[in-house]
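> The structure is given below, and queries will be raised subsequently.
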Amino acid sequence: MKRIGITQRVVYEEKVNERRDVLDQSWYAFASKIGIQLYPIPNAISSPIDYTDHLQLDGVIFSGGNNVSENKSDDLDLLMKEDVAIERDKTETELLQWAVTNQKPVIGICRGMQLICTFFGGKLSDVEPGIHVAKEHEVSFLEQHFSNIFGDKRSCNSYHRKGILIDDLPEEIVVAGRYKDEAEAVRHNSHPIFGMMWHPERYTSFREEDIFLFSKIFNASQKT
């Protein structure tokens, strides 16, 4: 069974003055369907790459939650001000470099896709909350890695206030799905790195298309 790391959201528990790494439990049920073993990756360790190598991971999922720091600030208080966890940005940046160096597959979910795009030089933009916050909207698929699975169009959930305009994607990132002028799914043109703005783990009944896509990217044997 493939060993896949997954990054975690950072939250602050004011009553006990704790910064916590958290992960939606539904990810484990989704991973079981994909046919992978999940390994949560802490945000407070000195070397995420050493940790990843010790676990002998075959790939990584960048989960959703938190905002990406666009100014690369070291201000820990940004978690309370802007839902930005700088330790998570650093962890995922190091893991993405590890994946590029070792040709390991990565899937970025929502914020995870944003991190991937900014890592390669893309820019984030504000999006319309009435369309993208706790909503469903149609996504048009433009590239065969996704269209062969989802078809030309598919309704997808949406839980984000930041997005990436297609015109602001870095050169090496290919748009695979779109909503109007916004990128909803992407892939790297030379590394097995993919991103999607919807949350497959948040569906009450996991979608077969999402399960198949993850299984294909991670070369896993999905369960029936």
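The values are calculated or read from the model by the stated rules, or taken from the named source; none is laboratory data. Remember, predicted model here, so these are calculated numbers, not experimental data. Cβ sites come from the backbone with ideal geometry, for glycine too, and all protein chains shown count toward neighbours.
> Limited to region 197-215, what total is found for residues that are among the basic types (K, R) and in a loop (DSSP other than H, G, I, E, B)?
1
> Kindly indicate whether I164 is at pLDDT below 95, buried (at least 20 other Cβ atoms within 10 Å of the Cβ), under 23 Å from V60 (Cβ atoms) and in contact with a Gly (Cβ under 8 Å, 6 or more places away or on another chain).
When the stated conditions are applied, I164 passes them.
> Scan region 129-151 and give yes if some residue there is touching a helix residue (DSSP H, G or I) at 6+ places or on another chain (Cβ under 6 Å), closer than 29 Å to E208 by Cα and buried (at least 19 other Cβ atoms within 10 Å of the Cβ), otherwise no.
The answer is yes; a qualifying residue exists.
> Looking only at residues in region 138-180 that are in a helix (DSSP H, G or I) and among the aliphatic types (A, V, I, L, M), which one is nearest to S190 (Cα to Cα)?
If we take residues in region 138-180 being in a helix (DSSP H, G or I) and among the aliphatic types (A, V, I, L, M), then I166 is nearest to S190 (Cα to Cα).
> If you don't mind, there's one more thing I want to ask. Taking region 78-127, which residues are under 12 Å from N66 (Cβ atoms) and free of Cβ contacts under 8 Å to residues at least 40 places away in the same chain?
Correct list: L78, E82, D83, V84, I86, D89.
> Any residue in region 26-42 that's hydrophobic (A, V, I, L, M, F, W, C): show its pairings with residues that are surrounded by fewer than 16 Cβ atoms within 10 Å (Cβ to Cβ) and at pLDDT below 95 at Cβ separation under 7 Å, as long as the two are six or more apart or on different chains.
If the second residue must be surrounded by fewer than 16 Cβ atoms within 10 Å (Cβ to Cβ) and at pLDDT below 95, the pairs left are I36/M1.
> Could you name every one of the helices (runs of 4 or more DSSP H) located completely within region 6-116 that has at least 3 residues being crowded, with 20+ Cβ neighbours inside 10 Å?
By residue number, 26-34, 86-102.
So that you can scan it fast, the table gives a plain yes or no per residue for (1) crowded, with 22+ Cβ neighbours inside 10 Å; (2) at pLDDT 95 or above; (3) touching a Phe, Trp or Tyr at 6+ places or on another chain (Cβ under 6 Å); (4) within 16 Å of I36 (Cα to Cα):
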{"residue": "Y179", "(1), (2), (3), (4)": "no, no, no, no"}
{"residue": "S190", "(1), (2), (3), (4)": "no, yes, no, no"}
{"residue": "F194", "(1), (2), (3), (4)": "yes, yes, no, no"}
{"residue": "E201", "(1), (2), (3), (4)": "no, yes, yes, yes"}
{"residue": "S205", "(1), (2), (3), (4)": "no, yes, no, no"}
{"residue": "F214", "(1), (2), (3), (4)": "yes, yes, no, yes"}
{"residue": "N219", "(1), (2), (3), (4)": "no, no, no, yes"}
